[in-house]
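Worksheet: one structure, shown below.
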Amino acid sequence: MNELTLEWVTKAEGDFATARRENRVRKQPNYDAVCFHAQQCAEKYLKAYLQESGSPVPRTHSLAQLVGLVPSTFEAWRDSLDRLDRYAVEFRYPGDLADRSDARNAFMTVKLFRTFARAVLGVDAPDP
């Protein structure tokens, strides 16, 4: 794996750890943050794939745009990643707050996607 790919994976893992940690908080959980970091983790894994395959890595946060740039292997994830995209945008601005259900859905989606992306990239199995 090339050095820049590894940096993308490391950044993705940081977002995953933050989403997991905040998802487990009992007092004053920040569900918006879970949703945001779940989206960020998926984004960075898609960019890691692009980097590793030698494709340009666009400066975009759109998972839909990124899925359009990777092979059809990722196509099965399109609907789930579209939901993550909405979570990240909806809850970044006043007027709408994520709830526990939103956070759980976002975290479960990214947890499954992370396992898939790591396998595609040939990264060792993630911690549970």
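Give the relative contact order (percent, whole number) for the chain; include only Cα pairs under 8 Å separated by 6+ residues. Please list the in-between numbers first.
Values: 161 pairs, mean separation 38.5, N = 128.
Once divided by the residue count of the chain, the mean separation gives 30 percent.
Rolling a 1.4 angstrom probe over the protein heavy atoms with all chains in place gives the range 15-126 an accessible area of 55 Å² per residue.
Ligands, DNA and RNA left out, the accessible area of the chain computed with a 1.4 Å probe is 50% carbon and sulfur. Only DSSP H runs of four or more residues enter the estimate; each adds -39500 (n - 2.57), and after division by the residues of the chain the mean residue ellipticity at 222 nm equals -22000 deg cm²/dmol.
How would you classify the range 1-91 from its alpha-carbon gyration tensor, with a ≥ b ≥ c the square roots of the eigenvalues: rounded for a/c under 1.5, else prolate if a/b is greater than b/c, otherwise oblate? It would help to have the intermediate numbers written out before the result.
Numbers: a/c = 2.56, a/b = 1.53, b/c = 1.67.
Oblate.
Among residues other than Tyr93 with Cβ under 14 Å from its Cβ, the summed charge is -1 (Lys and Arg +1, Asp and Glu -1). Around the Cα centre of the chain, unit charges on the Cβ atoms of Lys, Arg, Asp and Glu (plus for the first two, minus for the last two) sum to a dipole of about 380 debye.
The values are calculated or read from the model by the stated rules, or taken from the named source; none is laboratory data. Keep in mind the model is a prediction, meaning the values are calculated, not measured. All Cβ positions, even for glycine, are placed from backbone atoms using ideal geometry, and neighbour counts span all protein chains on display. Please note that ligands, DNA and RNA were not included when accessible areas were found on the heavy atoms of the full protein model with its side chains. Shrake-Rupley method; radii C 1.70, N 1.55, O 1.52, S 1.80 Å.
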